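Worksheet: the structure to be examined is printed underneath.
The values are calculated or read from the model by the stated rules, or taken from the named source; none is laboratory data. Since the structure is predicted, the reported quantities are computational estimates derived from the model, not experimental observations. Quick reminder, even Gly has a Cβ in these numbers, built from the backbone with ideal geometry, and neighbours come from all protein chains shown. These accessible areas exclude ligands, DNA and RNA; they are computed on the full protein's heavy atoms, side chains included. Shrake-Rupley method; radii C 1.70, N 1.55, O 1.52, S 1.80 Å.
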Amino acid sequence: MAEIIMEAKALTKQYGKQKALDNVNFKVREGSIVGLVGPNGAGKTTAMKVMGGLVFPTEGSISIYGETSEKGLCHSRTRMSFVIETPYAKENMTARENLEKQRIQKGIPDKKRIDEVLEIVNLTDTGKKPVKNFSMGMRQRLGLANALLGKPEFMVLDEPINGLDPEGIVEIRELLKKLNKEEKTTIIISSHILSELSLLCTDYIFVDHGRITGELSSEELERECCEYFRINTVNNEKASAILTHECGITGLEATEDGKLKIYDGLDRIEEISTALYKGGATPIELCRNAVNLEEYYMRKVQGDRI
Ligand code: ATP
């Protein structure tokens, strides 16, 4: 089991009467890509700012790489990089000039690192073009290049795919996947669009109104959003045996209310219902279900309001 490198315990952040975070607990495992998903104003940026030490929690605590004291956290943060809100860059300077300025400010001695990060984010050929003429995607990629200068082990990225076109989203997604796989970089990334994060994250944390409304792995999300048949028969125990042994169903699950769910054999439903009927488990309900990512998101973040 991978090590927990960050843990938020009972975090609350209050701005006046507004609770941006309300008793939030979550963990980040080393090597994971965690998606922090929620609508505007949910508290995602605030959570990331607390991680970065940009705001102090009103209550609760965080631990990063085992450190909890302010001094210890400062040290842990040297292993991390943060892209929170619009990445800052000097508009009249080129990508290379901006990175060179940041390299000196951060005290990174290796000049070659600029070429490496420009290559990683695919900005090598922007030449003399000043940042003011960059597209949104190029700006986001420059922000990532800046975050990569110090070879971080753990990146905190606030909506880095915000405003990108589908091609730009795929590009950033592939880049982050590569960093995670090849450099073993742990990533926490926020978005208000679940489908933008799908195919990227290993874990998802849903936030709404400063609270965590759900946490699940990518496998669990895939399971939640795939197609299945819900089956209820006159004898579900018998039905379960028929489905497994006669019909060869491997994806079988019992629901909380005692019904059955099957995830495979969906194209053989006629044959399956006949087998159930003949075996003495007459079906009384057979219902195809499919939840897409956006429906799932709405349920998770707005379940109590719809
Ligand atoms: P978005 O997707 O719009 O960036 P978010 O999920 O990142 O939203 P936050 O920016 O963390 O949400 O804001 C959470 C709540 O806290 C919002 O209601 C916001 O108005 C409030 N808030 C954030 N920063 C401040 C601040 N400095 N002063 C007062 N209220 C704030």
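Quick notes
- The residues of segment 1-59 that are polar (S, T, N, Q) and under 18 Å from Leu194 (Cα atoms), listed by number, are Ser32, Asn40, Thr45.
- Residue-level check: of (1) under 16 Å from the mean Cα position of the chain (by Cα); (2) modelled with pLDDT of 95 or more, Ile84 misses just (2).
- Positions within segment 14-31 being more than 16 Å from the ligand (Cβ to nearest atom) and open to solvent by 30 Å² or more (accessible area, probe 1.4 Å), in sequence order: Asn25, Lys27, Arg29, Glu30, Gly31
- Residues satisfying the stated conditions in segment 254-282, i.e. outside any loop (DSSP other than H, G, I, E, B) and within 15 Å of Ala241 (Cβ to Cβ): Ala254, Leu260, Ile262, Ile272, Ala275, Leu276, Tyr277, Lys278
- The set of residues in segment 47-61 being touching a residue at least 40 places away in the same chain (Cβ under 8 Å), within 12 Å of the ligand (Cβ to nearest atom) and more than 14 Å from Ala10 (Cα to Cα) consists of Met48, Val55.
So that you can scan it fast, the table gives a plain yes or no per residue for (1) closer than 23 Å to Met51 by Cα; (2) within 16 Å of the ligand (Cβ to nearest atom); (3) not assigned by TED's automatic domain parsing to the domain that holds Lys106:
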{"residue": "Thr124", "(1), (2), (3)": "no, no, no"}
{"residue": "Asn133", "(1), (2), (3)": "no, no, no"}
{"residue": "Leu144", "(1), (2), (3)": "yes, no, no"}
{"residue": "Leu149", "(1), (2), (3)": "yes, no, no"}
{"residue": "Pro166", "(1), (2), (3)": "no, no, no"}
{"residue": "Val170", "(1), (2), (3)": "no, no, no"}
{"residue": "Val207", "(1), (2), (3)": "yes, yes, no"}
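- Residues that are exposed (fewer than 14 other Cβ atoms within 10 Å of the Cβ) and in contact (Cβ under 8 Å) with a residue 12 or more places away in the chain, drawn from segment 254-267: Ala254, Thr255, Gly258
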